[in-house]
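The values are calculated or read from the model by the stated rules, or taken from the named source; none is laboratory data. Every value quoted in this text rests on a predicted model; they were computed, and no experiment measured them. Positions of Cβ are backbone-derived with ideal geometry, glycine not excepted, and every protein chain shown enters the neighbour counts. Please note that ligands, DNA and RNA were not included when accessible areas were found on the heavy atoms of the full protein model with its side chains. Shrake-Rupley method; radii C 1.70, N 1.55, O 1.52, S 1.80 Å.
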Amino acid sequence: MIRKKVCMLGAFSVGKTSLISRYVKSLFSEKYLTTVGVKIEKKTLELNGETIQLMIWDLAGEDDFTQINMSYLRGAAGYILVVDPTRPATFQVARDVLDKVKESNMATPTVVALNKADLKDDWQVDEACLAALREQGCETIETSAKSGEGVEAIFERLTLNMMQ
Amino acid sequence: MHIEQPADSQSVSDGTPDAASSGSASQQLDLLRQLLCGEDYQQMVALSQRLTDEQTRQEFFAAIIAEAIAIRNTQDDAIAQSLAPLISDSMHTSIRNDPESVSDALYPVMGPAIRKSITETIQALFDSFNKALEDSLSMRSLGWRVDAWRTGKSYSEVVFLKTLNYRVEEVFLIHKETGLLVHQVAQSLGVSKDADMMSAMLTAIQDFITDSFEVDDDERLASMKMGSLTILLEPGPNAVLAVAVRGNVSSDYRSLLVKTQETCHRRYARQLHEFDGDTSSFRGIDDVLRVCLKEELQKPVEKKRKIPVYGILGLIAVLSGLGWFSYTQYLSDQAWRDFVERLDSEPGLLVRSANNYERTLQALRDPVADSQSFIDEASEKGYAIDWQAYVAVDDEILSRRLMAHLTADTDLEVNDGVLFLTGTMSLEQRADWQRIAAAVPGVKGIDLGKVSITEGEQRERLLGQIAAFHIVYDVSEHVVAASGEQAAMQLVDTLMQLVDSLNPETETLRLTVSGFSDSTGTEQLRRTISQQRADTLRDFLVQQGIPERLIRTEVGDDERIQDIPMEQRRRSIVTVEIKPVDKLRALQ
Ligand SMILES: Nc1nc2c(ncn2[C@@H]2O[C@H](COP(=O)(O)OP(=O)(O)O)[C@@H](O)[C@H]2O)c(=O)[nH]1
Ligand SMILES: [Mg+2]
C-alpha cells in the first residue's frame, strides 16, 4: 500500500472543498474538523495495478492563502492548485501561493484546476498568469465540482505525477 | 612572538609600494637598496609579498594553527576562555537555525539518559497516586455501579475496564512529516474507525497546536484524552508513535514506548527518512509495534484485614435460617418416612407407592387391619392416602380374623400360618375349628393338641379307656405278666384321673374286676382260675393305691366276651360305675 499526502491550494471560494467532496465520500463531520482548521479526506484508487491511498488535506473555512501555514503543507507529495477563472484575481493568488510553496518544495508535483468549468461563459482567463503557472511545470485541467467534469481526471493526473 | 615579527615587517613593507610609486627618488632609493643588500633584498621582497597575499597567509597559518593551539593550551587556558563564549554562541545559532539535525544527532544518546531520570520522577508520582487510589477503594465498587448506570454499560464491563490498570487498544506509527500511517496494530477489537484518518488528524492536530500556541517543536503534544480513551504520543525524529489506551499506563509503559520508538528509528532509519508513502519496505514492523499492545491488570490491593462483623453476623443469620429450614424440612421428612414405614409394617396394611414430595401414598388394607389411627394421623399431618382392599395372610391378621370364632375358655395363636388352639372345647367345637381353618385363606394347618376337652367328655373318654382295658393271661395262669403289669399301671393312671374328675360331694366310684377263662378244663376249674385272675388284678390295683373298699371281684359272665376268640378269653377286665354319694352312704 502506498500512501500519499495531497494538499488543496488556492484562493478562498475557488471550489477546493467542493472538488474533494465530489471526489470522495466524506467520513468526518465538517464541524469537528473546522475546529482544528483542516479537513482531511481519504480516497483509495487503483493506478497501473497499484493501490494508492490519497490523504487529501483541505483548509477549512475561508483562509487567506497568502498567510498559509506551512506546517499544513509539510510532507505533501502533491498539490492541487485551484483557480476560479470566473474571478481572474484568483490566478494571481495561485501564482503567489505556488511561489511560496516552491520555496521549500521545488519538485512537488502540482496540477492546476481551472474550476467551475460549468460556468465557462463567465470565465476571464488571466493568460499571463496561466502561462507563468505552466512555466513552473504545472499541468492544467478544467474541472467542475458541480458537474463532476475533470474531477477524477485531475486527481489521477496528480497521482501519476507523484508516482514518477 | 615570532608570529608578531612578520606583522611588523608587513607594516614596513606596506609603505614600500606607496613610496616607490610616489616618484623617481624612491626608485633610486630602491636601486641603492639592491646594491647594498644584493640577494637579501630580493628575498625580503618575496617574503613581504607572501605576507601581504591573503591566500599565502592563510596557508601559512593553516599549517601550524592546530599545533599552535595545542601548545598554547598546555601553557594556560586563555584559548578555552576566549573560545567558550564563541562556541556557545555559535551552537545556539546553529541549533536555532536547524534544531532538528541537532536533536536527530543527540536523540539516540539522550534517550536513555532522560528516560532514567524521568522514570524515577514518575515512580514517585505513581506512589502517591496509588495511595490516593487506595483511600478511595471502599467506595470503589459503589462507584462502578454508578458508572455502569450512568454509561449504560453492564456492571461487569465497567468492572473489567476498571480492574485493568490499562489496556493498549491500538498502536500507530505515523510518519511525522506527511502524517501518513506507516503501520498500525490493534487488539482484536480496535477502537479507531480509520487508522489512516486518525494518523492524518493526529498530525493535523499536532500542527494546529504547534501553530496556535507558541510552543517549540520539541514540546509537541504528548497525550490526548477523550473519555476513557487516551492517545499517547511518543515523537521521534521522523515518526510519531501513537497508542490508544484505556486507563492509566504505568511508568514502565512510557519507557517501553520510548524504547520502541528508538527501535523504529534505528531499524527503519533510512525508510523513515526517505518515506514516500510506500509502507511495504517496513519489514518486521508489525512485531516491533505489537510489543506495545499491552494490558495490565490491577494488582490486588492489600487491605487491612478488618473483622467483618456484619459479614459474620449475616452469615450466621443466613446459615441458621438455612439450618432451621433444613432442620424442619428434615423433621418433616423424618415424620413422613416414619409414617410410611409404620403403615407398611402395620399388619394388614401395605404401602404400594409413596411420593415423598407430595406426601401421598397408595396403600393396601385388609378389612380387619387397624387403619383408623393412620387415617387420623394422615389427616392431621396433611398426608393423602389412597386405600385399596386386599386380604392379608400374615399371622397377626389371620389370628385377628380367626379371633371372631373364639368361644370362652379358648384362645388361639397363628404361627407361620398354622393355627394353634388352646383351652377347653367340645368335640363338636373342635370339628368346627377344623372347618374354619380349611375355609380361611392363609391358614396352612391347625393344631388342637393343646385343647382340653369338656369334663363330661373327659369322663367318657376315661370310662372308654377303662372299658377297653384288659389283661390277658397264659394258660392256667393267674399271675399278671410283665406286659400285663404295664397295662395295669396305665389303668391305675386312668382311674386316678377319673377319681380326680369326680365331685367328691356327690359322686363316688365302684369298680368291678371280672376274671375270665377259656373253655378248657372243668367248670369248677374254670371258675377258680377266673376268680384267681380277678383277685390278682384287684391286689395289684390296691397295691397301687386304689382303695380296696371300692373294688369288687367276680367271675365274669361268658356272655360279655362272646365276640372274643377262645384263646384270648383268659383275661380280666375292670368295669367302673359312678354312683351318687347318698346312695353310697346309704350303702355304707
Ligand atoms: N458553479 C460551480 N460552483 C462551484 C464549483 N465549485 C465550487 N463552487 C461553488 O463555489 C463556492 C465555494 O466553494 P468551496 O468549495 O467552498 O470553495 P473553497 O473555499 O475553495 O473550499 C460554493 O458556493 C460552491 O458551491 C463549480 O465547479 N461550479
Ligand atoms: Mg473550503
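Assorted remarks:
- Residue that is most open to solvent (accessible area, probe 1.4 Å), among those in the range A:110-137 that are assigned to a loop (DSSP other than H, G, I, E, B) and away from ligand 1 (no atom under 16 Å from the Cβ): A:Gln136
- Some residue of the range A:100-109 being more than 14 Å from every other protein chain (Cβ to nearest Cβ), within 16 Å of ligand 1 (Cβ to nearest atom), open to solvent by 20 Å² or more (accessible area, probe 1.4 Å) and at pLDDT below 95: no
- Whichever residue in the range A:1-23 is within 16 Å of ligand 2 (Cβ to nearest atom) and under 28 Å from B:Phe282 (Cα atoms) and, among such residues, is modelled with the highest pLDDT: A:Val6
- Within the range B:410-431, the set of residues being out of contact with any Phe, Trp or Tyr (no Cβ under 8 Å at 6 or more places or on another chain) and not in a strand (DSSP E or B) comprises B:Asp416, B:Gly417, B:Ser426, B:Leu427, B:Glu428, B:Gln429, B:Arg430, B:Ala431.
- Apart from one condition, A:Ser71 fits all of (1) away from ligand 2 (no atom under 16 Å from the Cβ); (2) among the polar types (S, T, N, Q); (3) modelled with pLDDT of 90 or more; the exception is (3).
- Cβ pairs under 6 Å, 6+ apart, first in the range B:201-218 and at the interface with another protein chain (Cβ under 7 Å from one of its Cβ atoms), second assigned to a helix (DSSP H, G or I) and at pLDDT 70 or above: B:Asp207/A:Ser71; B:Asp211/A:Ser71
- Checking each residue of the range B:377-387 against the condition of being under 18 Å from B:Ser345 (Cα atoms), open to solvent by less than 40 Å² (accessible area, probe 1.4 Å) and in a helix (DSSP H, G or I) gives at least one match.
- Filter pass, B:Val258 being within 25 Å of A:Leu59 (Cβ to Cβ) and modelled with pLDDT of 85 or more: no
- Residue match in the range A:25-41 (condition: more than 21 Å from A:Ala145 (Cβ to Cβ), touching a Ser or Thr at 6+ places or on another chain (Cβ under 9 Å) and at pLDDT 65 or above): yes
- Hey, B:Thr407 open to solvent by less than 80 Å² (accessible area, probe 1.4 Å), in a strand (DSSP E or B) and polar (S, T, N, Q) or not: no
- Scan of the range A:45-58 for residues that are more than 14 Å from ligand 1 (Cβ to nearest atom) and either at pLDDT below 75 or facing chain B (nearest Cβ under 9 Å) (or both), ordered by number: A:Ile52, A:Gln53, A:Met55
- The single condition among (1) touching a helix residue (DSSP H, G or I) at 6+ places or on another chain (Cβ under 6 Å); (2) closer than 23 Å to B:Asp333 by Cβ; (3) not in a helix (DSSP H, G or I) that B:Phe374 does not meet is (3).
- Extreme residue, most open to solvent (accessible area, probe 1.4 Å), among residues of the range A:138-156 that are near ligand 1 (Cβ under 9 Å from one of its atoms) and of a type in the set (S, T, N, Q): A:Ser147
- Flag if A:Pro85 is within 11 Å of ligand 1 (Cβ to nearest atom) and surrounded by 16 or more Cβ atoms within 10 Å (Cβ to Cβ): yes
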